[in-house]
1. Can D431 be described as more than 24 Å from P95 (Cβ to Cβ), of a type outside the set (V, I, T), part of a helix (DSSP H, G or I) and open to solvent by 40 Å² or more (accessible area, probe 1.4 Å)?
2. State whether the residues of region 229-245 include one that is acidic (D, E), out of contact with any His (no Cβ under 7 Å at 6 or more places or on another chain) and either assigned to a strand (DSSP E or B) or crowded, with 16+ Cβ neighbours inside 10 Å (or both).
3. Limited to region 310-340, what total is found for residues that are not in a loop (DSSP other than H, G, I, E, B) and not aliphatic (A, V, I, L, M)?
4. Please list, ordered by first then second residue, the pairs with beta carbon atoms under 6 Å, 6 or more apart or interchain, first in region 341-364 and part of a strand (DSSP E or B), second buried (at least 18 other Cβ atoms within 10 Å of the Cβ).
5. Consider region 341-358. How many of its residues are modelled with pLDDT under 95 and touching an Asp or Glu at 6+ places or on another chain (Cβ under 7 Å)?
6. From L307, L264, L281, which residue is touching a residue at least 12 places away in the same chain (Cβ under 8 Å) and touching a helix residue (DSSP H, G or I) at 6+ places or on another chain (Cβ under 7 Å)?
7. Can you confirm whether L405 is assigned to a loop (DSSP other than H, G, I, E, B), at negative phi and either open to solvent by less than 20 Å² (accessible area, probe 1.4 Å) or touching a strand residue (DSSP E or B) at 6+ places or on another chain (Cβ under 8 Å) (or both)?
Amino acid sequence: MDPTPQSHPILAYVLSRLPSLPAVRTPRSPSLMPSSPRERDLEQQSPRTPSGPAEIDLVGRMPGLRHPSVLSAMTRAVADVASARDAIRVLGPRPDHEQVDASRALLAAAAAASGEKEEAAGEKEEVEKEEEEEEKLAASREVVRLEEEHEAYGALQREAEEKLESVYRMAMHGRDVGQEGGDGRNKGEEEEGPGGAVDEEVVRVLKEAEEGKTLERVDLADRQLRLLPDPVGRIRGLLALDVSRNQLKVVPDAIGGLEHLEELRLASNNLVSLPDSIGLLSNLKLLDVSGNRLRVLPDTISKCRSLVELDASYNALVYLPTGIGHELLHLQTLRVHLNKLRSLPSSVCEMRSLRLLDAHFNELRGLPAAIGSLSSLETLDLSSNFSDMRDLPPSIGDLAGLRDLDLSNNQIRALPDCFGRLGRLERLRLDQNPLAVPPPEVVAGGVDAVKDYMAARWEEAVAEEERRRASAAAAVDSPRGPSTPREWLTRSVSSLSTWVSDVTVKVVGQEAVEEEEFLQQQF
């Protein structure tokens, strides 16, 4: 949630009640000076009543805003969100996940090799090499430290945003903070824990499985399930399991026991993580975890080598596993839209069977350089990455099978010249971009006009490259005809020397032969 008063009238109302928010302290900001203005007591009652039609209407629709405790709690939540965001902003850009993985691997390798260095302490040390290695280690430590700080302050921001949303709900329902528990639920309302009741349908399914009945498909969607019991993992012949649109917060590790499972649908739950045991589902072809609260996917997901379709959209993913593409060679559909991805791992370029890649509405700053290796790709959606997506790699022209491309709502200023090689492109969206190449009048002409324009630029670029190479080759090889008097004289002297040398060799050779024949006749 964006705590911006201009975007949210409730926040505007809250901020208007108090002169200022508490001062924000960030990890690297200087401490507050004694002369700083005194922070306002947030527990005191609002200094004035609603004024103006907008505020009166707002309080009428959200009667909870009349409670001083709700007003105070919302103000604190806004301050916490702002503080966490300021801290993240001070930290600077977050490193890519691949860079973090590489840094951690380098540090782990250095730690493992430290014992060997101690044993070889008596040998002659190579100072320069050690200094270079130490510089790499120091850089790796800095990358890991920055990632950990981003993760820590990101957790604080998420917690503050959840509190703010909870207070919003209180204001909407007209409840006071004192009527709520610490997590936003009514007092006395307790969440059903592991020992809670299990849905009757789940009990029936488990009973049939224990009795030896063959179950290939189990549909437990839309049942308000809070718990998926471990025995589900012992239904050996199960091929498809659907537990979508429930209230699950965890998936049991026992899910890895479904060795024949081909479809697993976990969409629209409250999952914050997936178990590592999901990598044991070697026959899994479809995995739908969309609409949850996942921040990461387990690295073991790469072990699901039979996977054909993966839907991880509508989550909070900040990165994909570094090696996700190394073993998912049969994946045809990858949906990761509406997440917080800042980049795609380079291993995605190894998914040679991929036909659809949907990554719209993320924070992508670009594509892997080898994206053109996806020879089977037909549909690519990169729309709505807004200010982060500014350019495309040249290899995008190698996507010979691409038919549908959406680049709308980004900050792309120019398409690469190789774009003209996308001969099969049928649908193209470029609106809401500050494009200069191709110009707006060409874009208005549709996909064919853009293809023709970029194809002409590509042909011109190829011709220019050929001229450049020819010119470079001519500079290396001497031309046949004289271009200057000096070159003509040099070439003439060189040719004359070569002719004289050849004539001498022939004459000397002929005399030697005649002399040898004369001596043989004498003997």
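The values are calculated or read from the model by the stated rules, or taken from the named source; none is laboratory data. Nothing here was measured: the structure is a model prediction, and the numbers come from that model. Cβ coordinates were reconstructed from backbone atoms using ideal geometry, including for glycine residues, and neighbour counts include every protein chain displayed. Note: accessible area is taken over every heavy atom of the protein model, side chains too, but ligands, DNA and RNA are not part of it. Shrake-Rupley method; radii C 1.70, N 1.55, O 1.52, S 1.80 Å.
1. Values: more than 24 Å from P95 (Cβ to Cβ): yes; of a type outside the set (V, I, T): yes; part of a helix (DSSP H, G or I): no; open to solvent by 40 Å² or more (accessible area, probe 1.4 Å): yes.
Answer is no for this residue.
2. Let us first name the residues in region 229-245 that are acidic (D, E), namely 230, 242.
Narrowing further to those that are out of contact with any His (no Cβ under 7 Å at 6 or more places or on another chain): 230, 242.
Pick out the ones that are also either assigned to a strand (DSSP E or B) or crowded, with 16+ Cβ neighbours inside 10 Å (or both) and you get 242.
Yes, region 229-245 contains at least one residue that is acidic (D, E), out of contact with any His (no Cβ under 7 Å at 6 or more places or on another chain) and either assigned to a strand (DSSP E or B) or crowded, with 16+ Cβ neighbours inside 10 Å (or both).
3. Of the residues in region 310-340, 6 are not in a loop (DSSP other than H, G, I, E, B) and not aliphatic (A, V, I, L, M).
4. Matching pairs, first to second residue: L357/L334; L357/L380; D358/R335; D358/H337; D358/D381.
5. Total satisfying the criteria: 5.
6. Details: L307 fails: touching a helix residue (DSSP H, G or I) at 6+ places or on another chain (Cβ under 7 Å); L264 fails: touching a helix residue (DSSP H, G or I) at 6+ places or on another chain (Cβ under 7 Å).
It is L281.
7. Numbers: assigned to a loop (DSSP other than H, G, I, E, B): no; at negative phi: yes; either open to solvent by less than 20 Å² (accessible area, probe 1.4 Å) or touching a strand residue (DSSP E or B) at 6+ places or on another chain (Cβ under 8 Å) (or both): yes.
In short, no.
This table checks each residue for (1) over 20 Å from L328 (Cβ atoms); (2) at pLDDT 90 or above; (3) in a loop (DSSP other than H, G, I, E, B).
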position	(1), (2), (3)
G212	yes, no, yes
D222	yes, yes, yes
V250	yes, yes, yes
L261	no, yes, yes
L264	no, yes, no
L284	no, yes, yes
L294	no, yes, yes
L297	no, yes, yes
S302	no, yes, no
